[in-house]
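The values are calculated or read from the model by the stated rules, or taken from the named source; none is laboratory data. If you're wondering where the values come from, they're calculated on a predicted model, not measured in any experiment. With ideal geometry, Cβ positions are generated from the backbone for all residues, glycine too; neighbour counts draw on all protein chains shown.
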Amino acid sequence: MNEPCRSFVNKSSCEFCVYHIQREYKKMSSKRAVIQSSFSRVDPKQRLQERVLGKDQVFYGGQLYTSPSLSSAPKQPKQARPNRSKDLATLNSLKIKGVAEELKAKDKVKVDIPIPKHFSEGEVSAVKEVMQKNEQLGEKLLAPTPGARHFLKYMVKEDTDKKVAAGAIRHVSAKELLAMTHEGILARKRQVSL
């Protein structure tokens, strides 16, 4: 095995036999997977714990500890608009006006949800319009998510399409825009010369 190679080798291009180089490369590449897998392998005990335990659970000192999560806190269910109006009507019929007025005031406060400053006027009006019909959808439109932004953009586009159809917005070609700019420049020159 430790004998010199008997293959012909072109020493101007390489000092070793092509066959032996390829064989050594195959040996190293087979070892490479073993070396890399030893570093990237996950501890089986840890993998089992991740599957069995929840995200908010920790196993420490032979005991299972659970951290309180914010999502598990009891939430008050939102009352739907139709039920709310029925309750207000019932309270009015029972002549408990103070309670009914308080509930109406709370509803008015909820409607005045702060709208982000980066919204355009069209988007603000679209959100208010949606909130009058469905408060939950209006709140979700205020979230900075791609879906909400896309839906708002679609609603604002409908408004601009209506304005274009009504003639409030006029499309101008590049040639017409240049002509209008040229006329404006000439008008300013005339005013300066007078």
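Selection of first residues in the stretch 130-145 that are more than 17 Å from Val156 (Cα to Cα) and of second residues that are outside any loop (DSSP other than H, G, I, E, B) and of a type in the set (Val, Ile, Thr), restricted to Cβ pairs under 8 Å at least 6 apart or on distinct chains, gives the following pairs, ordered by first then second residue: Glu135/Val111. Taking first residues from the stretch 1-20 that are at pLDDT below 80 and surrounded by 10 or more Cβ atoms within 10 Å (Cβ to Cβ) and partners that are part of a helix (DSSP H, G or I) and among the acidic types (Asp, Glu), the Cβ contacts under 9 Å between residues at least 6 apart in sequence or on separate chains come to Phe16/Glu24. Residues in the stretch 147-194 that are closer than 19 Å to Ser120 by Cβ and among the acidic types (Asp, Glu): 3 in all.
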